[in-house]
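Laboratory data are not the source of any read-out in this text; all were calculated from the coordinates shown. Keep in mind that this is a model prediction, so the values were computed, not measured. A quick note on method: Cβ atoms are made from the backbone with ideal geometry, for glycine too, and the neighbour counts reach across all protein chains shown.
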Amino acid sequence: MPWCDTCSKFWTQPSMGEHGECPACGTVIATPPKGVPWHFKVMLVGLAGYLVYRVYWFAEWFPKHF
């Protein structure tokens, strides 16, 4: 959580302004996050690969059992 030296207060990201400024005094105390983290993208690729595998497995399993 960013700390404002002027106001002597912690601020959460949602309560700060659009450009990372303190809502009380307007001093820039943090840089806003830029985009999605790389490990989230890796997780989405892994999830997509897993779902493709499960659909393939079901397509192989279904005709053998019905």
Study note, to complete from the structure: Ranked by GNM mean-square fluctuation in the chain (Cα springs under 10 Å), the top entry among V28, V45, V55 is V55
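What whole-number value in cubic angstrom gives the convex hull volume per residue for the C-alpha atoms of the chain?
On the way: hull volume 7.3 nm³, N = 66.
Taking the convex hull of the Cα positions in the chain, it is 111 Å³ per residue.
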Exercise for review: Pick out, from F66, V28, M43, the residue whose Cα sits farthest towards the positive end of the charge dipole of the chain, with +1 on the Cβ of Lys and Arg and -1 on the Cβ of Asp and Glu.
Suggested key: F66
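Do any trypsin sites (Lys or Arg not before Pro) in the stretch 19-66 lie in a loop, going by DSSP, with at most 11 other beta-carbon atoms within 10 Å of their beta carbon, and if so which? The partial results should precede the final answer.
Numbers: sites: K34, K41, R54, K64; in loops: K34.
Sites meeting the loop and neighbour criteria: K34.
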Review point. Can you list the HN-Hα couplings for the stretch 47-56, worked out from phi with the Karplus curve (6.51, -1.76, 1.60; θ = phi - 60°), rounded to whole Hz and with x for Gly and Pro?
Key: 5, 4, x, 5, 5, 5, 4, 5, 5, 4
Study note, to complete from the structure: Non-local residues with an amide H under 5 Å from the amide H of E21, with H modelled 1.01 Å from N and Pro and chain starts lacking one, are I29
Check your understanding: Using modelled backbone amide H atoms (1.01 Å from N, in-plane), which distant-in-sequence or interchain residues come within less than 5 Å of K9's amide H?
Key -> C4
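How much length would be gained if the chain were fully extended between S8 and F40, taking 0.36 nm per residue of separation minus their Cα-Cα distance, in nm to one decimal? Mind showing how you got there, number by number?
Values: separation 32, 0.36 × 32 = 11.52 nm, distance 3.38 nm.
Taking S8 through F40 to full extension adds about 8.1 nm, to one decimal.
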Practice item. Taking the Cα centre of the chain as origin, sum charge times position over the Cβ atoms of Lys and Arg (+1) and Asp and Glu (-1), and report the length of that vector in debye to the nearest 20. Key: 340 debye
Study note, to complete from the structure: Computed ³J(HN,Hα) along the stretch 4-14: with the Karplus parameters 6.51/-1.76/1.60, θ = phi - 60°, integer Hz and x for glycine or proline, the list is 9, 5, 5, 8, 6, 8, 7, 10, 8, 4, x
